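Step one of this worksheet: look at the structure below.
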């Protein structure tokens, strides 16, 4: 199942005087910072990757000692890599997350509890983003280990300041997905099933957090898909698409949920919208193959077999330029399309 690009956060503007996390007597996450971060969220949800990258460069220039700029720039890069299904920026994203950990460590000994909670949030997110990268492009074992490290940082953040509800976004994602995907690990680590706890924490973050309201609600879409609560996933996906009409990240779960409910007309519409956007910049062709496969399947389910065959034939227009790595990953679906095209 596709995962969201991850925990990308954001925000809108008024100048307050604190510019360093160590300035513990003043508000750390002031309205200028939150304004830039929320603006970044809107850009990211609309697939404006270049614009969000420039925005976070501006944040880093304005606040070079604040780990937030480095964190959200790394998150945007990892989100773009997930969107493209391609490991585009492994070194840069890793270096940015290294900077987050260095700056957090530098601040923890001297900052107030309010700032310390934010620093542990940043540290937890840095571990979580590394875990997301590992799960997509690296080692499953490393992803699991980093997930536990993220949980530990979020917990320490709550010990510093229990009123920072953004921490519940990280904990909610951890508790749900740790439980949903534990598998054999539950036997080795004696892990509890904490899916309900994770969902409750995400609702709390969606209701009361400063920066994590939108991303907490978007995280619930993927949980409803996992739980086979397809109607709920459709409702939230469509709501987000009204606010972020240019992005692809809510079309994927919408199309998937409609297909699972056997609403093939709606699934077909969503997959066609996705294909039109992906075809403008197909990258390594992974997602274009995904869409062509799913469109053809919808047409077959609707008993529009000639149309399904004509659509499957589109793979012939780009098959020769598909990278071998993509062909290996999408072998089953490319074979299906080629066979259908030849009928």
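The values are calculated or read from the model by the stated rules, or taken from the named source; none is laboratory data. Owing to the predicted nature of the structure, the values given are computational and were not obtained by experimental measurement. In this analysis, Cβ positions are derived from the backbone assuming ideal geometry, glycine residues included, and neighbour counts consider all displayed protein chains.
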Confirm whether residue 36 is under 19 Å from residue 125 (Cβ atoms) and assigned to a loop (DSSP other than H, G, I, E, B).
no
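Would you call residue 72 part of a helix (DSSP H, G or I), closer than 24 Å to residue 216 by Cα and touching a residue at least 60 places away in the same chain (Cβ under 8 Å)?
Details: part of a helix (DSSP H, G or I): yes; closer than 24 Å to residue 216 by Cα: yes; touching a residue at least 60 places away in the same chain (Cβ under 8 Å): yes.
Yes; evaluated as a whole, the condition is true for this residue.
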Can you pull out every residue in the stretch 235-261 that is surrounded by 15 or more Cβ atoms within 10 Å (Cβ to Cβ), touching a residue at least 40 places away in the same chain (Cβ under 8 Å) and part of a helix (DSSP H, G or I)?
240, 252, 253, 256
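Looking at 237, 232, 249, which one is at pLDDT 95 or above, under 21 Å from residue 198 (Cβ atoms) and within 17 Å of the chain's Cα centre (by Cα)?
Values: 232 fails: within 17 Å of the chain's Cα centre (by Cα); 249 fails: at pLDDT 95 or above.
None of the others qualify; the one that does is 237.
Filter the stretch 274-289 for residues that are free of Cβ contacts under 8 Å to residues at least 24 places away in the same chain, touching a helix residue (DSSP H, G or I) at 6+ places or on another chain (Cβ under 7 Å) and not in a helix (DSSP H, G or I) and give the result. Spell out how you get there, then give the answer.
Filtering the stretch 274-289 for residues free of Cβ contacts under 8 Å to residues at least 24 places away in the same chain gives 275-276, 279-281.
Right, trim to touching a helix residue (DSSP H, G or I) at 6+ places or on another chain (Cβ under 7 Å) and you get 275, 279.
Once the filter is applied, which keeps residues that are free of Cβ contacts under 8 Å to residues at least 24 places away in the same chain, touching a helix residue (DSSP H, G or I) at 6+ places or on another chain (Cβ under 7 Å) and not in a helix (DSSP H, G or I), the stretch 274-289 yields only 279.
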Tally the residues that are within 22 Å of residue 204 (Cα to Cα) and buried (at least 18 other Cβ atoms within 10 Å of the Cβ), restricting the search to the stretch 128-155.
7
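I need the helices (runs of 4 or more DSSP H) fully contained in the stretch 121-226, keeping only those with at least 1 residues that are at pLDDT 95 or above and within 23 Å of residue 97 (Cβ to Cβ). Full working, then the answer.
Details: elements: 140-160, 167-180, 185-189, 195-208, 213-226.
Correct list: 140-160, 167-180, 195-208, 213-226.
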Among the residues of the stretch 54-78 satisfying the criterion of being over 19 Å from residue 118 (Cβ atoms) and out of contact with any helix residue (DSSP H, G or I) (no Cβ under 6 Å at 6 or more places or on another chain), which is surrounded by the fewest Cβ atoms within 10 Å (Cβ to Cβ)?
61
Residues satisfying the stated conditions in the stretch 68-120, i.e. within 30 Å of residue 288 (Cα to Cα), more than 17 Å from the chain's Cα centre (by Cα) and modelled with pLDDT under 95
none
